[in-house]
Amino acid sequence: PSTVKVDASMAYTGKWPIALALLLLSAALVGGCEATSEDIERWKRTQRGPAKITAVVVDDGYPAELRGQAAVALVEIASWEHFNTAFERLSKEQAQSVIKAMVPRLREMYESGNGGGNTDPAQGPTDAQVNAKDAMIDLYELAGAEERQALLEPLQHWISSDFNGHYLPGRRSI
């Protein structure tokens, strides 16, 4: 039979429950929960979703395409605090990789509005178009040269298509 020696370092100090909880949380995060596109879509409609989506954006273990989808999801739900937090936590290289994946989605969001392709200036921009414009302004300085050009085109259209109607909507103005 084997014996287990117990010394003073193993004494109960009240920290064991915390250590055990952290160990179990780490195991759960590493052990089984790989986020998917479907998860991101579902999380957009949940209370804790923005935090989970942000975790995908900042985790360089996920492919850039999924991280870009997650970042655009934060734009779609206008979770600007989480959006800003995510990009503050990324290195410049990581941010550029995520932005590269975001650009086509943001342009589509801007061009199609809320699915209606709103081009009538009398109707004004849709919420989706305003959110896409705000995100493009936020990301412009972080983007690489190619992505900057891709972001600039819809922003120029924003100004030239209806300056009076487009100047004020959103969190950011051009």
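Using the structure shown, decide if A64 is in contact with a His (Cβ under 9 Å, 6 or more places away or on another chain), open to solvent by 30 Å² or more (accessible area, probe 1.4 Å) and at pLDDT 95 or above. It would help to see each step written out before you state the result.
Working: in contact with a His (Cβ under 9 Å, 6 or more places away or on another chain): no; open to solvent by 30 Å² or more (accessible area, probe 1.4 Å): yes; at pLDDT 95 or above: yes.
Against the criterion (in contact with a His (Cβ under 9 Å, 6 or more places away or on another chain), open to solvent by 30 Å² or more (accessible area, probe 1.4 Å) and at pLDDT 95 or above), A64 does not qualify.
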Quiz item: Just a yes or no: is a residue in region 101-112 part of a helix (DSSP H, G or I), over 15 Å from the mean Cα position of the chain (by Cα), free of Cβ contacts under 8 Å to residues at least 60 places away in the same chain and more than 20 Å from S37 (Cβ to Cβ)?
Solution: yes
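Output the residues belonging to region 34-54 that are among the aliphatic types (A, V, I, L, M) and buried (at least 17 other Cβ atoms within 10 Å of the Cβ).
A35, I40, I53
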Quiz item: Would you call T85 in a helix (DSSP H, G or I), modelled with pLDDT of 90 or more and of a type in the set (V, I, T)?
Solution: yes
Quiz item: If you check every pair at least six apart or on different chains, which have Cβ atoms under 6 Å apart with a residue in region 69-82 that is surrounded by 22 or more Cβ atoms within 10 Å (Cβ to Cβ) first and a residue that is charged (D, E, K, R) second?
Solution: V72/R105; A73/K44
Practice problem: Among what's in region 138-160 and is among the aliphatic types (A, V, I, L, M) and open to solvent by less than 20 Å² (accessible area, probe 1.4 Å), pick the residue that is nearest to P104 (Cα to Cα). | Solution: L151
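Return yes or no: is N118 at pLDDT below 75, farther than 27 Å from A95 by Cβ and not in a helix (DSSP H, G or I)? Can you show your working first?
Numbers: at pLDDT below 75: yes; farther than 27 Å from A95 by Cβ: yes; not in a helix (DSSP H, G or I): yes.
When the stated conditions are applied, N118 passes them.
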Quiz item: Inside region 64-85, can you point out the residues that are within 15 Å of L139 (Cα to Cα) and among the β-branched types (V, I, T)?
Solution: V72, V75, T85
Practice problem: Show the residue pairs that are 6+ apart or on different chains and have beta-carbon atoms under 6 Å apart, the first residue being within region 42-65 and over 14 Å from Q96 (Cα atoms), the second being among the β-branched types (V, I, T) and not in a helix (DSSP H, G or I). | Solution: K44/I77
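The values are calculated or read from the model by the stated rules, or taken from the named source; none is laboratory data. This is a predicted model, so every value here is computed, not measured. Because the Cβ atoms are built from the backbone with ideal geometry, glycine has one as well, and the counts that use them run over all protein chains shown. Just so you know, the surface numbers come from the protein's heavy atoms only, side chains and all, with ligands and any DNA or RNA stripped out. Shrake-Rupley method; radii C 1.70, N 1.55, O 1.52, S 1.80 Å.
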